[in-house]
Every structure is written in C-alpha cells, then in structure tokens.
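Following this message is one structure expressed as structure tokens.
The values are calculated or read from the model by the stated rules, or taken from the named source; none is laboratory data. Being a predicted model, the structure only gives us computed values, none of them experimental. Counting neighbours? That spans all protein chains shown, and the Cβs are built from the backbone with ideal geometry, glycine included.
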Amino acid sequence: MPRDTDIRPAPTPWGLVVMLGAMTAFAPMAIDMYLPSLPAIAEGLSATGGQAQATVAAFFAGMAIGQFLYGPASDRWGRRGPLLVGVVVFTIASVACALATSPEMLIGARFVQALGGCAGGVVARAIIRDQFDHTETARMLSLMMLIMGVAPILAPLLGGLILTLAGWRANFWVLAGFGVAVGAAVLLRLKETRSEATAAQARSENPLQAYAALFRQRRLLGYLLAGALNGATLFTYISASPGLLIGTYGISPQNFGWVFGLNAVGIIGSNQVNRFLLRRRTPDEVLAVASLVCVGLGVLLAIVAVTGAGGMLGVLVLLFALLASYGFMQGNTTAGALSVDPLRAGSVSALSGAASFGAGAVAASISAALHDGSARPMALIMLVAMAGSAAALHGLALPRKATATA
C-alpha cells in the first residue's frame, strides 16, 4: 500500500509563500539590518556601548513577550486582524526609532517595535497549519526559508550601505517602509484562514486556560524544547561570532559579512534538502536521524574547539555543518508542535516562537558571560543545547515504536 508521503505534492502556492516569508522576515530585518549602525547610534545619541547593546536586548525581550499576545488573539478573532495590528505597531515604532533623541527612547521604541514585528511569525505559522497537514506544513516552513533566509544575508549589507549613504536613522525609515508594504499586501491579498472550530475552541477558554492545556501535552513540550534548544545554537553563534571571528581569528569586518552570509546560505540550503526529503519521509523520521547527527557534530566541534585541532578552518567547517542542521530541525519541530493541537494553532505558534527566543537569549547570555576569546564556550554551549534537543525529541515528542507500528 503506498505511503501518503509518496504522493506527489500539490503545486506550490508561491504567492502565499512570498507573503508569509515577508511577514516572518520582520525579526531578521529589524535585527540584522541595523547591527552595522550600533557604533554610529552610540555616537549619535551620546550613548554608552552598554546602552547601544541594550537596544538589541530590548528587541529580543519584545519578541519573546509579544508572541503570547498574538497567538490566542489570532485563534479568537482571526489571523488578519491581529496581524494588521502588529504591522501598524511595528511601523509606528520604526518611525519612533528613526526620531529617537536619547538612548532610553530608542530602547523603548525597539521594545515596542518587536512587540509589533513578532505578529508576523506567529500568524504566518498558524496560517500554514490552517491550510496544510503535518507533512505539508513542514514542507511549507522549509520553503519559506527561501524568502525569510535572504534577510540575514542581505540585511547587514543593506544596513551598512544605508548607513554610509544616509546615516543610521535611515535604516529605521526603511523598516517603516517595509512595514507599510507588508501591511498593504496583507490588507489587499491575504484571506482569512482560521476555521470556525478554532474560533469556537478559543471562545470556550481564556488564554491562560489554553496555555495550561497545551503545557499538559507531552508531545507538544517535546517538539517545543527540541526546536528551541536547536535554535539556541544559532543565537549562540550570532552572539559569539563577531568576537571570535573578528577578534580572535582576525577576519576583517568586511569579510565577516561574507562568512555570516555563507552560513545563512547553508541554513537555506538544508531547508530545501529537507523539503525534498519530506516527499519520501515523514517529518518525525527526518527528525529522528537529524537530531542524532546534530549531537555528533556538536561533539566534533567541542573536540576541535577544546584541543585546537584543525585550527580556525576546523571550527568554521564544523560550524557550517552544525548551523545547517537548523534546516532539518526547525521546520519539522514546528510542524510537529502545530500538529499536536491544530485547534489552538495560534497559541502553539506563540509558544514555539517564545520558546525559541527565550532559549536563544539564555544561551547567548551564557556565551557572553563565559567568553574567553576562544571557541570553547560557544562549542560547549552548542553541544549541551544539541544534546538537550535530541533528548527532548526522543524522550517526549517522537512516538514509541510500539505505538508507531500499531
């Protein structure tokens, strides 16, 4: 009897993919595009280096907190309304960032900007689950990386160019324009996808009850933890890479952008390989193997970092391979989480995003605290995160063999 994963997939809805990819790109655009401007921002606002870094931390905090608001709201009132509210908040806050006259004003505006921007990712994931089954959801999430993944490659280069031509404030005006463009596309092109069954479920409980019900589901927790801990390796890399590659390995700031972009290309590529694997394998089958490969790569990176064997090249090659694993883990763990309780897709999407940003912030903070100028702290944190991800996946999320064959 043929397996359902052997059936030829339906034609790709490219219009939807592009729109959802743009919605999800709010965060990487707002983070990566302004990073080259941090020194200029500090100088322009007479801020300390710590205050400039606080604008990054404030954005991460807003991204983590805001997720909890939009998830239940999109289940109760539909996907379009909360999304449009988020886009308006993001756009207005971007203008406030551009007009900031003090470090404190910029920090506050960045927090609000994130509160608006996080709506895109939350609602995009819920929209996908509204329209596709478990396997197709994983394929769509991987496909979206073709759009969303361009942001970490081009955003720093674009931000640096804008900084040179027009100053740091112009970056935020561009982000405001991006918000207007996405908002117009949503208003004119995006159809409502939330089902009446989802609305009825949301009306029958308050958000706290919805989250409490979700936390009682073992498989959901397994997928969330597996995805969040795997994602923590990416946040650790983002936090540690400037000091390691530029400060320790002596890579120039210009070439750093190319190394950063190459790793982003690896993530995009692995997502597309994952999309093709899902024509023959289920998301859980891919996860079962990929999670163990991740642990093996983490062990190798830790050995190279601790012993110094292979030098800079050894670290960079293994970093590329380890970061590429993101493409086999993130879409599949997110699809798995969304499949556990489709009637609470918005709330599940919120938990998924918040868990990723929360775990990433913790990992990045630990990496910064342990920084000693070598690759050791980064590698060891990545190994612990990968091991925890595999343990959560195999211990909580993946069905037991006896159940799977029943």
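Taking the conditions exactly as written (touching a helix residue (DSSP H, G or I) at 6+ places or on another chain (Cβ under 7 Å) and in contact (Cβ under 8 Å) with a residue 60 or more places away in the chain), does PHE68 satisfy them or not?
It is true that PHE68 is touching a helix residue (DSSP H, G or I) at 6+ places or on another chain (Cβ under 7 Å) and in contact (Cβ under 8 Å) with a residue 60 or more places away in the chain.
Provide a single number: the residues in segment 70-106 that are in a helix (DSSP H, G or I), crowded, with 24+ Cβ neighbours inside 10 Å and of a type outside the set (Phe, Trp, Tyr).
Residues flagged as in a helix (DSSP H, G or I), crowded, with 24+ Cβ neighbours inside 10 Å and of a type outside the set (Phe, Trp, Tyr) within segment 70-106 amount to 11.
Here's the yes/no breakdown for (1) closer than 20 Å to VAL174 by Cα; (2) not hydrophobic (A, V, I, L, M, F, W, C):
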| position | (1), (2) |
| --- | --- |
| PRO28 | yes, yes |
| ASP32 | yes, yes |
| GLY44 | yes, yes |
| VAL56 | yes, no |
| ALA61 | no, no |
| ALA64 | no, no |
| TRP77 | no, no |
| GLY81 | no, yes |
| SER94 | yes, yes |
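Here are some residues: ALA350, ALA337. Which one is within 24 Å of ALA73 (Cβ to Cβ), under 14 Å from the mean Cα position of the chain (by Cα) and assigned by TED's automatic domain parsing to the domain that holds ASN263?
ALA350
Could you tell me which residue of segment 220-252 is surrounded by the fewest Cβ atoms within 10 Å (Cβ to Cβ), considering only residues that are polar (S, T, N, Q) and closer than 17 Å to GLY358 by Cα?
Selected residue: SER239.
Of the residues ALA10, ALA42, ALA47, which is part of a helix (DSSP H, G or I) and either at pLDDT 80 or above or farther than 18 Å from ARG194 by Cβ (or both)?
ALA42
Quick one: which helices (runs of 4 or more DSSP H) lie wholly within segment 325-406 and hold at least 1 residues that are modelled with pLDDT of 90 or more and crowded, with 23+ Cβ neighbours inside 10 Å?
Per the criteria, 326-340, 376-392.
Further question on the same structure: Determine which member of the set ARG125, ARG129, ARG110 is crowded, with 24+ Cβ neighbours inside 10 Å, of a type in the set (D, E, K, R) and either in contact with a Cys (Cβ under 7 Å, 6 or more places away or on another chain) or more than 19 Å from LEU338 (Cβ to Cβ) (or both).
From the options ARG125, ARG129, ARG110, the qualifying one is ARG110.
Can you report the number of residues in segment 341-390 which are farther than 30 Å from ALA199 by Cβ and not acidic (Asp, Glu)?
So the count comes out to 31.
Let me ask something additional. Among GLN209, GLN217, which is outside the structural domain of TYR70 (by TED's automatic domain parsing) and loosely packed, with under 15 Cβ neighbours inside 10 Å?
After applying the criteria, what remains is GLN209.
Can you tell me which of LEU277, LEU262, LEU234 is in contact with a Leu (Cβ under 7 Å, 6 or more places away or on another chain) and either outside the structural domain of ALA387 (by TED's automatic domain parsing) or among the hydrophobic types (A, V, I, L, M, F, W, C) (or both)?
Being in contact with a Leu (Cβ under 7 Å, 6 or more places away or on another chain) and either outside the structural domain of ALA387 (by TED's automatic domain parsing) or among the hydrophobic types (A, V, I, L, M, F, W, C) (or both) holds for just one of LEU277, LEU262, LEU234, which is LEU234.
Of all residues being farther than 30 Å from LEU141 by Cβ and touching a helix residue (DSSP H, G or I) at 6+ places or on another chain (Cβ under 8 Å) in segment 280-315, which is surrounded by the most Cβ atoms within 10 Å (Cβ to Cβ)? Just the residue, please.
ALA305
For segment 311-340, give me each residue that is touching a residue at least 40 places away in the same chain (Cβ under 8 Å) and among the β-branched types (Val, Ile, Thr).
VAL315, THR333, THR334, VAL340, listed by residue number.
Could I ask something else about it? When ASN255 is evaluated against the numbered criteria (1) more than 17 Å from the chain's Cα centre (by Cα); (2) surrounded by 17 or more Cβ atoms within 10 Å (Cβ to Cβ); (3) not hydrophobic (A, V, I, L, M, F, W, C), which criterion, by number, is the only one it fails?
(2)
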